[in-house]
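To start, the structure under review is shown below, and the notes come after it.
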Amino acid sequence: MGKLDDKIAIVTGAGQGIGRAIAEKLAAEGATVVVSDINEATAEETADAIGGLGVRADVTDRDSVNALVEQVHAQFGQIDVLVNNAGWDRSSPFVDSDPEDWDRVIAINLYGVLHTCKAVLPIMAAQGSGSVVNLASDAGRVGSSGEAVYSAAKGGVIAFTKTIAREMARHQIRANVVSPGPTDTALFASMGGDNPKLREGLTRAIPFRRLARPADLAGAVAFFASDEASYITGQTVSVSGGLTMS
Ligand SMILES: NC(=O)c1ccc[n+]([C@@H]2O[C@H](COP(=O)([O-])OP(=O)(O)OC[C@H]3O[C@@H](n4cnc5c(N)ncnc54)[C@H](O)[C@@H]3O)[C@@H](O)[C@H]2O)c1
């Protein structure tokens, strides 16, 4: 018996990194997982590994997201869990940043969440049940040098999630945030995490003395997704090895 038996779950950006680890965990807990990613090959590969369904979707594109949600609803007749994990950033001091990168950062990290929620929440409301778990970042809680616009987008995700939690509670839909600290993924490497000095400095600052691994995030997501969290909504939990506390 898994805590997500009989649930249908969509995970965005699930072809690699944290999203893949979340998809693996939800599947291990009994869910049927729709592994969605802008990268079709990695989506299919992850789906094959966990016995799920791989579907290409670009979260910045409303039509693409609507097509994903329509396909899943038509095929399974229900959507119980939505995990908004797709994300992206490029590190730069704000004064040197390129406004084209702002658009991309906000499109993926913030608009992506709006697009999936707009499509999925009416389905969950009609069911009278559902759980949304949004991946933010501790950059959106406490700030992070070199990540100003990303921090704004992730702070926006946290605020958006709280309002959705309030608006949708009457339909027994919950919405919560999991906020990762530095996590050893391709995104982290692209943000300077492949620099040994930065890794060392961060590792020293983290009470558990190591970066997060993608699987470290998955347990909190599975908990929020499951009925074990049935009286918990509008909350944000940092999974950061103690780097941030509040
Ligand atoms: N790695 C970290 O240190 C860290 C820290 C805080 C928060 N996060 C957040 O965790 C989440 C996962 O990050 P990760 O480190 O696993 O990143 P990653 O780059 O390893 O994986 C992100 C996945 O999202 C997909 N993606 C990118 N743009 C997309 C789009 N437009 N539509 C659909 N899919 C898209 C990518 O193809 C990739 O598979 C993100 O929301 C990120 O902001 C990561």
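For this structure, a couple of remarks:
- Total residues in region 23-51 satisfying the condition of being part of a loop (DSSP other than H, G, I, E, B) and either more than 18 Å from the chain's Cα centre (by Cα) or charged (D, E, K, R) (or both): the figure is 3.
- Residue in region 107-128 that is buried (at least 17 other Cβ atoms within 10 Å of the Cβ), within 12 Å of the ligand (Cβ to nearest atom) and not in a helix (DSSP H, G or I) present: no
- Test: residue in region 155-162 that is part of a helix (DSSP H, G or I), within 15 Å of the ligand (Cβ to nearest atom) and without any contact (Cβ under 8 Å) to a residue 40 or more places away in the chain: yes
- Subset of region 200-219 [within 21 Å of residue 141 (Cα to Cα), more than 7 Å from the ligand (Cβ to nearest atom) and in a helix (DSSP H, G or I)]: 201, 202, 203, 204, 205, 216, 217, 218, 219
- Output for region 167-189, where each listed residue is within 15 Å of the ligand (Cβ to nearest atom) and without any contact (Cβ under 8 Å) to a residue 60 or more places away in the chain: 184, 188, 189
- Test: residue in region 96-109 that is of a type in the set (Val, Ile, Thr) and under 21 Å from residue 233 (Cα atoms): no
- Selection count where residues are in contact with a strand residue (DSSP E or B) (Cβ under 8 Å, 6 or more places away or on another chain) and surrounded by fewer than 23 Cβ atoms within 10 Å (Cβ to Cβ), scope region 140-157: 1
- Selection count, region 201-240, where residues are among the charged types (D, E, K, R) and either surrounded by 15 or more Cβ atoms within 10 Å (Cβ to Cβ) or modelled with pLDDT under 95 (or both): 1
The values are calculated or read from the model by the stated rules, or taken from the named source; none is laboratory data. For clarity, every value in this text was computed on a predicted model and none was experimentally measured. No Cβ is skipped: glycine too gets one built from the backbone with ideal geometry, and neighbour counts run over all protein chains shown.
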